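Take a look at the structure below.
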Amino acid sequence: DLLAPIRERADFIVNSSNLTLGMLQNKLFSLFAPNGEKREIDVTVMSFGYKHGLPMDADLVFDARFLPNPYYIAELKECTGLEEAVRAFLFGYRQTTEFMRHLEEMLSFLLPQYVEEGKSNLVIAIGCTGGHHRSVAIAAALTDYLVADGIRAVNVNRDLDK
């Protein structure tokens, strides 16, 4: 009764009693989004080294330690996954291209599901032993894929300087 005067002035009334968080976010977004703008998700693709610990804020973690390791190639040991020589080495293997294909397919399925559930930020962590070669190259390639697909994505290399 005390709030009745406020309710009378309201432009919209949303009964959230039986709504999940995602449903409430969708309802509010549909009411207040400019020009029918659709919801999006911000993605951070982070490389890391397992020897430095798992990233605490990661939503999804993928292990790239099964891929051939450039560390054991003398001319690549001091390079990083940001350099073309390391990327060429890694992506010259079937395992790497298949891994990327599976990641891309899975994320094409998952990202719309996360948006529908109301998630606005997602951290995808790719790990290798030290966080210099394999994870860095995969994270960069995955970021490029997402950006090319119209998704707001940034690449962070957590352990590159360690």
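The values are calculated or read from the model by the stated rules, or taken from the named source; none is laboratory data. Quick caveat: nothing in here was measured; it's all calculated off a predicted structure. As a convention, Cβ positions derive from the backbone with ideal geometry for all residues, glycine included, and neighbour counts pool all protein chains shown. The protein model used for the area step is the full one, side chains on, heavy atoms only, and it has no ligands, DNA or RNA in it. Shrake-Rupley method; radii C 1.70, N 1.55, O 1.52, S 1.80 Å.
Things worth noting here:
- Restricting segment 1-43 to residues that are closer than 30 Å to Thr129 by Cα and in contact with a helix residue (DSSP H, G or I) (Cβ under 9 Å, 6 or more places away or on another chain), the residue that is surrounded by the fewest Cβ atoms within 10 Å (Cβ to Cβ): Ile41
- Selection status of Thr96, of a type in the set (Val, Ile, Thr), surrounded by 18 or more Cβ atoms within 10 Å (Cβ to Cβ) and not in a helix (DSSP H, G or I): no
Condition check ((1) assigned to a loop (DSSP other than H, G, I, E, B); (2) touching a residue at least 12 places away in the same chain (Cβ under 8 Å); (3) surrounded by 15 or more Cβ atoms within 10 Å (Cβ to Cβ)) across all residues:
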{"site": "Leu67", "(1), (2), (3)": "yes, yes, yes"}
{"site": "Tyr71", "(1), (2), (3)": "no, yes, yes"}
{"site": "Ala74", "(1), (2), (3)": "yes, no, no"}
{"site": "Glu78", "(1), (2), (3)": "yes, no, no"}
{"site": "Leu82", "(1), (2), (3)": "yes, yes, yes"}
{"site": "Leu103", "(1), (2), (3)": "no, yes, yes"}
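- As a summary of the residue check, Gly49 satisfies the conditions (1) modelled with pLDDT of 95 or more; (2) open to solvent by 50 Å² or more (accessible area, probe 1.4 Å) except for the one numbered (2).
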